[in-house]
Amino acid sequence: MRAFFPLLRREIGFYFRTSIAYVVGVFFLLITGFSFWFLAVRLSQQAMDGDIAHIFFTSFWFWLSMLIVTPLLTMRLFAEENRMGTIETLMTAPVTENEVVLAKFTSAYLVFLLLWLPTLAYPLLGKACGGQFPVPPLSLVASSQLGVALIGAFFLSVGLLCSILTRHQVVAAMVCLAVLGLWLSSSLITIQFQLEAAEPLAHFIAAPRHMRDFATGILDSRTIVWYFSATVLLLFTATRILEAHRLR
Amino acid sequence: MPLSNDILIRVNNLTRRFARCEALAAVSFEAVRGEIIGLLGPNGSGKTTTLRILSGYLAPTCGEVEMAGMDITAHSLDVRKKIGYLPESVPLYPEMKVEEYLLFRGRIKGLKKTRLFSRLRDVVDQCGLGEVLHRTIGNLSRGFRQRTGLADCLIHEPEILLLDEPLVGLDAAQTHLIRELLLDLREGRTLLFSTHMLCEAERLSNRVLILNGGRTAALDAPDALLRAARRLQADIQAPLGDVKNALESLEGGREARLSEKDDGWTRLSLPADGAPLPAGLEEWAARRQWPLRNLAYDAPTFDELFLRLTTLPPKVRNPKRRKSP
């Protein structure tokens with residue numbers, strides 16, 4: 001893993017040098033900030049079922065931000081290298097496919113986690129601004145953030161895989177959006193089309209259900225193992241695809 | 001006879017097939033330390049594919065490639081430490097500064113801190129990058145981008161340099177600078193570069209490998225190829241059959257080429273090496289009372305020779321992929 005850190009440093013540097021991190025950050029904080037403010041106002045006016053963390057992490061706005069931020073962070077990872085031809089100089093340097101895939105994924109993941117960092121202060125900011133809602137306990141915030149971290153890793157690995165398959169960033173982003181959209185609505189699809197045999201599977205992989213559990217403080221080891229292994233599997237597939245490019 | 005550890009590139013029956021065609025077919029050659037080999041050929045002849053395979057970017061379909069004594073497939077990572085590869089389009093990260101880019105490339109090539117900075121200074125001096133060291137790559141001219149790519153190739157002091165069209169798009173001064181640099185770089189290294197600039201290949205290379213349709217059309221020193229292509233020619237006023245019968249008594253006659261001209265004369269062409277002197281040919285014709293005209297040496301230029309060698313049938317299509325009628 002000798003080349004991992006120089007590669008990681010370059011990848012993270014790219015996000016900030018090209019302003020992608022700032023643009024995505026502003027967009028993300030606007031959506032999540034607006035969503036939290038809206039919830040805080042409603043909770044101050046009327047009692048709602050569940051506390052603010054639970055409602056926030058299961059809201060439409062939460063999933064919208066996840067769906068949009070993922071392709072924005074991952075679409076360029078390989079598509080840009082493929083389009084510019086820099087993949088040729090990169091892969092003829094003494095680096096392994098594992099190092100390249102892992103460095104690119106880690107860079108996107110760190111930026112993703114960095115985006116979520118300010119949201120930890122939302123409840124305190126809401127209270128400071130006069131919000132009339134109970135501050136969620138630390139354990140609930142931690143389990144919710146763990147859910148974000150696990151689901152985020154899975155989403156980003158899907159985005160990375162989409163990026164490795166094309167040389168056009170827009171195509172990578174659209175494919176990633178379509179795959180994640182279908183993934184999120186898998187439960188709805190099985191019900192709508194009466195796919196009874198697929199219902200248990202759709203229920204097992206349903207990210208909204210997992211996030212609801214995390215946001216209510218339920219830590220199911222099966223869910224944690226599922227996201228961890230799905231992410232590893234997708235990254236492993238990405239390294240095999242990168243290797244297979246040499247034999248194409 | 002070169003020592004075995006002096007042979008840095010050994011290619012044996014290298015073949016590469018793509019979905020619709022055979023880009024390389026049974027190409028074989030060796031290159032020793034200190035040698036510059038020019039890779040020539042028309043567009044689509046397999047130059048870039050050869051360099052990509054030798055750099056480890058593409059895998060060969062069959063055949064063996066040994067770089068610095070190691071098999072390219074089995075020891076890909078170790079081989080990549082020994083080579084510097086510059087692709088044709090000089091792909092660089094446009095958002096990075098030159099210094100930043102070279103340091104990044106040095107780090108992923110495994111250079112430790114002290115050596116990295118000393119090598120950076122060396123390659124910046126060698127490639128004349130001092131004035132653009134702190135400039136963003138995206139704002140550089142083609143020439144400086146080329147030099148940055150070359151500096152990247154050199155930063156880890158590779159034994160083998162593979163350069164795809166290193167002289168393309170450069171002005172006269174930059175071409176001169178890169179040419180001088182390549183000549184300096186040959187010391188202790190093997191350099192394989194592709195080009196369409198035949199005069200540069202002739203000037204720089206110890207040997208040239210000419211590819212046509214993925215096959216080896218010629219492999220030798222430019223001088224040797226030109227010598228072999230030099231022929232003694234004359235028109236003889238005699239029927240072709242008679243000239244053919246009389247060739248046995250002519251020195252070098254076995255390798256003669258005959259062709260009938262429209263006006264009844266016969267064109268005789270002999271390899272210059274081993275052919276009689278013009279006086280000898282005149283005497284041979286005079287003995288048979290055959291008038292001669294246009295007696296002269298045909299010495300093609302390197303460009304003419306290249307054209308002759310590369311106007312052969314196009315590349316072989318992959319028969320497996322053909323649709324049945």
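The values are calculated or read from the model by the stated rules, or taken from the named source; none is laboratory data. What you are looking at is a predicted structure, and each value in this text was computed from that prediction instead of being measured. A quick note on method: Cβ atoms are made from the backbone with ideal geometry, for glycine too, and the neighbour counts reach across all protein chains shown. Keep in mind that these areas ignore ligands, DNA and RNA; they rest on the heavy atoms of the full protein, side chains included. Shrake-Rupley method; radii C 1.70, N 1.55, O 1.52, S 1.80 Å.
Structure above, values below:
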quantity: Size of the B/A contact, given as accessible area buried on both chains, probe 1.4 Å, in Å²; calculated: 2700
quantity: Exposure of residue B:203 as accessible area (Å², to 10), given a probe of 1.4 Å and all protein chains; calculated: 140
quantity: Distance between the range A:61-121 and the range B:138-159 - C-alpha centres, whole angstrom; calculated: 26
quantity: Sites residue B:221 and residue B:168, calculated FRET efficiency, Cβ-Cβ separation with R0 25 Å, nearest 0.05; calculated: 0.60
quantity: Heavy-atom accessible surface of the range B:22-177: percent carbon and sulfur, 1.4 Å; calculated: 49
quantity: Accessible area, probe 1.4 Å, largest first, for residues A:179, A:111; calculated: A:179, A:111
quantity: 10 Å-binned pair-distance histogram of chain A (Cα, whole percent); calculated: 7, 29, 32, 22, 8, 2, 0
quantity: Burial order of peptide ranges B:136-146, A:134-144 (average beta-carbon count within 10 Å, highest first); calculated: B:136-146, A:134-144
quantity: The range B:1-80, accessible area per residue, ligands and nucleic acids excluded (1.4 Å, Å²); calculated: 39
quantity: Stokes-Einstein D in µm²/s, Kirkwood radius over Cα pairs - the range A:129-248 at 20 °C with 1.002 mPa s viscosity; calculated: 131
quantity: Max mean-square fluctuation residue, GNM over chain B, Cα-Cα springs under 10 Å, options B:278, B:60, B:158; calculated: B:278
quantity: GNM result for chain B, Cα springs below 10 Å: residue of B:27, B:132, B:98 fluctuating most strongly; calculated: B:132
quantity: For the range A:195-243 and the range B:27-104, distance of Cα centres in Å; calculated: 41
quantity: Tilt relative to chain A, helix A:138-164 - C-alpha long axis, 0 to 90 degrees, to 10; calculated: 30
quantity: Residue-averaged beta-carbon neighbours from other chains (10 angstrom radius) around B:103-110; calculated: 6
quantity: Accessible area of the range B:231-298 divided out per residue, in Å², using a probe of 1.4 angstrom; calculated: 59
quantity: Crossing angle, helix B:142-154 versus chain B [Cα axis fit, 0-90 degrees, rounded to tens]; calculated: 80
quantity: Qualifying GluC sites (Glu not before Pro) for the range B:168-213 [loop in DSSP, other Cβ within 10 Å: at most 14]; calculated: B:187
quantity: Rg ratio (alpha-carbon, reference 2.2 N^0.38 Å) - the range B:59-158; calculated: 1.17
quantity: Anisotropy class of the range B:231-298 from Cα gyration tensor, a/c 1.5 cut; calculated: rounded
quantity: Normalised convex hull volume, the protein assembly as shown, alpha-carbon set, Å³ per residue; calculated: 216
quantity: P(r) tail fraction, the range B:1-89 - alpha-carbon pairs more than 21 Å apart, %; calculated: 28
quantity: Cα pair distances of the range A:54-143 binned at 10 Å [whole percent]; calculated: 13, 33, 25, 16, 11, 3
quantity: Rounded percent of accessible protein surface that carbon and sulfur make up, chain A, 1.4 Å probe; calculated: 72
quantity: ³J(HN,Hα), Karplus 6.51/-1.76/1.60, whole Hz, each residue of the range A:14-21, x for Gly, Pro; calculated: 4, 4, 8, 6, 9, 6, 4, 4
quantity: Order by protection proxy (mean Cβ within 10 Å, highest first), peptides A:236-246, B:76-86; calculated: B:76-86, A:236-246
quantity: Net charge of Cβ neighbours under 12 Å - reference residue A:159; Lys, Arg +1; Asp, Glu -1; calculated: +2
quantity: Probe 1.4 Å, protein heavy atoms only - accessible area per residue of the range A:4-247 in square angstrom; calculated: 46
quantity: Gyration tensor verdict on chain B (Cα atoms; rounded if a/c is under 1.5, prolate if a/b is larger than b/c, oblate otherwise); calculated: prolate
quantity: Average beta carbon contacts from partner chains per residue of B:252-261, 10 Å cutoff; calculated: 0
quantity: Shielding by other protein chains, B:59-71, mean Cβ within 10 Å; calculated: 1
quantity: The range B:102-257 - Kirkwood radius from inverse mean 1/r over Cα pairs (Å); calculated: 19.2
quantity: Of B:253, B:110, B:264, the one that fluctuates the most in a GNM where chain B has Cα springs shorter than 10 Å; calculated: B:264
quantity: Degrees, to the nearest 10: A:97-116 long Cα axis against longest axis of chain A; calculated: 20
